[in-house]
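Okay, structure first, notes after.
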Amino acid sequence: MATILLISGPNLNLLGEREPEIYGRTTLEDLVEVASATARAHGHEIEHFQSNHEGAIVEAIHSARGRCPAIVINPGAFTHYAYAITDALASHDGVKVELHISNPSARESWRHTSVVAAVVTGTIAGFGAHGYRLAIEAVVAKLGEGS
């Protein structure tokens, strides 16, 4: 059994209330349960961490080194400028999946660049709540390959 670290960035604690026309009515707790159920079905577990603070997310990534073979991260707005998160992810040797509920490339131009994309295994975006299941299934597949 592997522990997969699921990181939720800024404002994701407001899911279900914030911009439902973009993010829907699903709460963060609902999404964590989707990820957890998917992981359990494959014999793994989810450890979830949410923060609105970049440094706390960096610390969570550091804490996963040597402990969690995979990280799934929805960095929220940090996607576009948080080089400290990018550097922290680069220091993690496991599978890393960037995850977005909406499709940043189909939104405002400032959302079109991801600074974390260069250091992750892959990105899943635009599938809403289904993206959480897809991200965990991608991690399970990569772990099965030996990364």
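The values are calculated or read from the model by the stated rules, or taken from the named source; none is laboratory data. Being a predicted model, the structure only gives us computed values, none of them experimental. Virtual Cβ from ideal backbone geometry, glycine too; neighbours counted across all protein chains shown.
A few remarks follow.
- Top-ranked residue of the range 15-30 - restricted to ones that are within 17 Å of residue 77 (Cβ to Cβ) and in contact with a helix residue (DSSP H, G or I) (Cβ under 8 Å, 6 or more places away or on another chain), ranked as surrounded by the fewest Cβ atoms within 10 Å (Cβ to Cβ): 28
- Residue within the range 29-38 that is of a type in the set (Gly, Ala, Ser) and closer than 15 Å to residue 96 by Cα present: yes
- Residue 96 meets all of the listed conditions (1) part of a helix (DSSP H, G or I); (2) closer than 13 Å to residue 5 by Cα but one, namely (1).
- Residue list for the range 9-51, filter: part of a loop (DSSP other than H, G, I, E, B), over 14 Å from the mean Cα position of the chain (by Cα) and of a type outside the set (A, V, I, L, M): 16, 17, 18, 19, 24, 25, 26, 27, 42, 43, 44
- Looking only at residues of the range 52-70 that are in contact with a strand residue (DSSP E or B) (Cβ under 7 Å, 6 or more places away or on another chain) and in a helix (DSSP H, G or I), we find that the one that is surrounded by the most Cβ atoms within 10 Å (Cβ to Cβ) is 57.
- Test result for residue 84, in contact with a Gly (Cβ under 9 Å, 6 or more places away or on another chain), part of a helix (DSSP H, G or I), at pLDDT 95 or above and farther than 18 Å from residue 132 by Cβ: yes
- The listed residues are 2, 84, 70, 64, and the only one of them that is of a type in the set (A, V, I, L, M, F, W, C) and either at positive phi or out of contact with any helix residue (DSSP H, G or I) (no Cβ under 8 Å at 6 or more places or on another chain) (or both) turns out to be 64.
- Filtering the range 86-113 to residues that are under 15 Å from the mean Cα position of the chain (by Cα) and either touching a residue at least 60 places away in the same chain (Cβ under 8 Å) or more than 22 Å from residue 142 (Cα to Cα) (or both) leaves 101, 102, 103, 104.
- Looking only at the range 71-118, residues that are in contact with a strand residue (DSSP E or B) (Cβ under 9 Å, 6 or more places away or on another chain) and surrounded by 17 or more Cβ atoms within 10 Å (Cβ to Cβ) come to 22 in all.
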